[in-house]
Structure formats: C-alpha cells, structure tokens
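The values are calculated or read from the model by the stated rules, or taken from the named source; none is laboratory data. Everything quoted here is computed from the prediction, not taken from an experiment. In this analysis, Cβ positions are derived from the backbone assuming ideal geometry, glycine residues included, and neighbour counts consider all displayed protein chains. Accessible surface areas use protein heavy atoms only, side chains included; no ligands, DNA or RNA. Shrake-Rupley method; radii C 1.70, N 1.55, O 1.52, S 1.80 Å.
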Amino acid sequence: MQSIHEKILAPSILAGDHADLKSSLREIEAAGLSWVHLDIMDGHFVPNLTFGPQTIKAMRSASNLFFDVHLMLDNPDKFVDAFIDAGADQVTIHVEPDYPIADTLKRIRERGCKCGVVLNPDTPAEAAKPFLAECDIVLLMTVQPGFGGQKFREDVLSKIETFSKWRNELGLNYRLEVDGGVDLKSASSCTARGVDTLVAGSAFFKADDRKLFNATVTA
Ligand code: DX5
Ligand code: ZN
C-alpha cells in the first residue's frame, strides 16, 4: 500500500547515551537523519521513567533535529504545553488513558506543533478513529511500551493495514509510524503495508553502518 509521504527513520534516543545525549544527537545527525524520537515515561502509564521538559530544552539548544515527542503519560493534557515550550516539533499522545483527547490534540495544533495519537499493541484501531482527522501522525506501538530492545509484535501488522486502508478511504494524509522492535526485517513488513515513519532505538544505535541502516529501511 502506497503512502504519500517520504519515508523517515526516527531513531529513539532511549537507546542512546544518557550521560552524553548531545553525542547521541550528533550520531543521528551524522547519519544524515532529520528526526529524533523522544520517549517520555511517567512510571504510571508505563513501568519505567525517562526524562522531562528540562532535558528536551537542553537537547533543543544542542540540535535542530525534528523532535518527535512520544508522551507515555497518564495525564498528557497536563504536560503538553511544557513539552512544546521546551522545543517539541510534534507531540503524540496515547488513546488509552482517560483525559480529553480531542481537546488536547487541538491545543497542540493551536500551539503550532504537529500532533497525533498512539495505540498500544492490544488497543483496537477503532479507539483512534474519532481523532484521525485531527492527526498529523498515527503511532502504532509494536511492543508494549516501557522499554527498548523488545521483540516486534507481528500481530500488529493487521492493524497497520487497517490504518493504511482508512487513510485512503477517508482521504486523510496522516503519517503512519511504528515504534518498538523495528529492525531491517520488521521495517520491511511495515513499509510494505504503508508505514512511512519508523522509530528504531536498539537497531539504529547498534548498527555498524547507520547510513546504510537508514538507506535500507527507508528504501
Ligand atoms: C518503547 C519506546 C520505543 C523504544 C524503541 O516504549 O516507545 O521508542 O525506544 O526501542 P527499540 O527500537 O529498541 O525497540
Ligand atoms: Zn516511543
């Protein structure tokens, strides 16, 4: 299934060097890439903690990469402004917690930032359908979020097909992004089904030749 978008690899800084995030940003830039994926975890919605707006602000002053900020929070509505102030270019919010999702997407958009929804592997596609017209991007988790280095969940492939189909049928142009366990093999299963935006943490930072890894997954 074709996408109208250029394919993009967004390396996840989660697999980078947290004592020297600047060097991880440089490694992404040196590979010729334009996006970085920033995973924000609250210890409630997911069983892990990462970093917050202060760190994003520091990274912002060190890089012009496009900041793709993935909020894994129970109450993202309380934090989107702080992340936008810190320098997010795009903020994605999960559909599973109970908060005003449509209002939050609208607020992100009104602040001049790109926005989108995220679905966990077991969340049905229908949960995102009411919000699709407001989304620049739909992010499908291909692992249960919380940790890098997990195995890609093949059972999400059919949901990817659903979002590709809806994009065509509804005449929408959201990006379709996957996150979790993305490597050379799983990336090609995803792009064959219309995915145009690939998050990769472990596979990117472990690759011997990161330019070649990018060229291969976005071919
Ligand atoms: C998982 C995060 C991912 C993670 C991906 O909770 O949202 O972005 O960093 O890491 P890999 O590519 O190692 O699965
Ligand atoms: Zn992520």
When residues of the range 66-87 are limited to those that are in contact with a helix residue (DSSP H, G or I) (Cβ under 9 Å, 6 or more places away or on another chain) and open to solvent by 10 Å² or more (accessible area, probe 1.4 Å), the one nearest to ligand 1 (Cβ to nearest atom): Phe79
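Across the range 165-210, what is the number of residues that are in a helix (DSSP H, G or I), within 22 Å of Asp136 (Cβ to Cβ) and not small (Gly, Ala, Ser)? Can you show your working first?
Start the filter on the range 165-210 by keeping residues that are in a helix (DSSP H, G or I), which leaves 165-169, 184-191, 202-206, 210.
Retained after the next criterion (residues that are within 22 Å of Asp136 (Cβ to Cβ)): 165-169, 187, 190-191.
With the extra rule that they be not small (Gly, Ala, Ser), the set shrinks to 165-169, 190-191.
The qualifying residues number 7.
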Residue match in the range 162-173 (condition: touching a His at 6+ places or on another chain (Cβ under 8 Å) and either modelled with pLDDT of 95 or more or of a type outside the set (Phe, Trp, Tyr) (or both)): yes
Residue match in the range 165-184 (condition: farther than 30 Å from Ala30 by Cα and either surrounded by 20 or more Cβ atoms within 10 Å (Cβ to Cβ) or within 14 Å of ligand 2 (Cβ to nearest atom) (or both)): yes
Selected residue (criterion: nearest to the chain's Cα centre (by Cα)) from residues of the range 47-93 that are closer than 17 Å to Leu33 by Cβ and aromatic (Phe, Trp, Tyr): Phe67
Matching residues in the range 25-46 - criterion: being on the phi < 0 side of the Ramachandran plot, open to solvent by 30 Å² or more (accessible area, probe 1.4 Å) and over 18 Å from the mean Cα position of the chain (by Cα): Arg26, Glu27, Ala30, His44
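Given the criteria out of contact with any Phe, Trp or Tyr (no Cβ under 9 Å at 6 or more places or on another chain), open to solvent by 20 Å² or more (accessible area, probe 1.4 Å) and away from ligand 1 (no atom under 12 Å from the Cβ), does Leu212 qualify? Step through it out loud before you land on a result.
On the way: out of contact with any Phe, Trp or Tyr (no Cβ under 9 Å at 6 or more places or on another chain): yes; open to solvent by 20 Å² or more (accessible area, probe 1.4 Å): yes; away from ligand 1 (no atom under 12 Å from the Cβ): yes.
Considered against the rule, which asks whether it is out of contact with any Phe, Trp or Tyr (no Cβ under 9 Å at 6 or more places or on another chain), open to solvent by 20 Å² or more (accessible area, probe 1.4 Å) and away from ligand 1 (no atom under 12 Å from the Cβ), Leu212 comes out as yes.
Among the residues of the range 124-133, is there at least one that is within 15 Å of ligand 2 (Cβ to nearest atom), farther than 26 Å from Ile84 by Cβ and in contact with a strand residue (DSSP E or B) (Cβ under 9 Å, 6 or more places away or on another chain)?
Step one: filter the range 124-133 for residues within 15 Å of ligand 2 (Cβ to nearest atom), giving none.
No, the range 124-133 contains no residue that is within 15 Å of ligand 2 (Cβ to nearest atom), farther than 26 Å from Ile84 by Cβ and in contact with a strand residue (DSSP E or B) (Cβ under 9 Å, 6 or more places away or on another chain).
In the range 130-150, which residues are away from ligand 1 (no atom under 16 Å from the Cβ) and surrounded by 15 or more Cβ atoms within 10 Å (Cβ to Cβ)?
To start, the set of residues in the range 130-150 that are away from ligand 1 (no atom under 16 Å from the Cβ) comprises 130-136.
Correct list: Phe131, Leu132, Glu134, Cys135, Asp136.
Within the range 185-209, track down each residue that is closer than 27 Å to Arg167 by Cα and open to solvent by less than 20 Å² (accessible area, probe 1.4 Å).
First, the residues of the range 185-209 that are closer than 27 Å to Arg167 by Cα: 185-201.
Within the range 185-209, Ser186, Ala187, Cys190, Gly194, Val195, Asp196, Thr197, Leu198, Val199, Ala200, Gly201 meet the criteria.
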Complete set of residues in the range 53-68 that are within 24 Å of Leu198 (Cβ to Cβ) and either of a type in the set (Phe, Trp, Tyr) or out of contact with any His (no Cβ under 8 Å at 6 or more places or on another chain) (or both): Thr55, Ile56, Met59, Arg60, Ala62, Ser63, Asn64, Leu65, Phe66, Phe67
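I'd like to check something: does the range 142-154 contain any residue that is away from ligand 2 (no atom under 16 Å from the Cβ), modelled with pLDDT of 95 or more and either in a loop (DSSP other than H, G, I, E, B) or polar (S, T, N, Q) (or both)? Break it down into steps so the answer makes sense when it comes.
Step one: of the range 142-154, the residues away from ligand 2 (no atom under 16 Å from the Cβ) are 154.
Subsequent filtering for residues that are modelled with pLDDT of 95 or more retains 154.
Those left that are additionally either in a loop (DSSP other than H, G, I, E, B) or polar (S, T, N, Q) (or both): none.
Checked the range 142-154: no residue is away from ligand 2 (no atom under 16 Å from the Cβ), modelled with pLDDT of 95 or more and either in a loop (DSSP other than H, G, I, E, B) or polar (S, T, N, Q) (or both).
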Among residues of the range 107-128, those that are surrounded by 15 or more Cβ atoms within 10 Å (Cβ to Cβ) and assigned to a helix (DSSP H, G or I), counted: 6
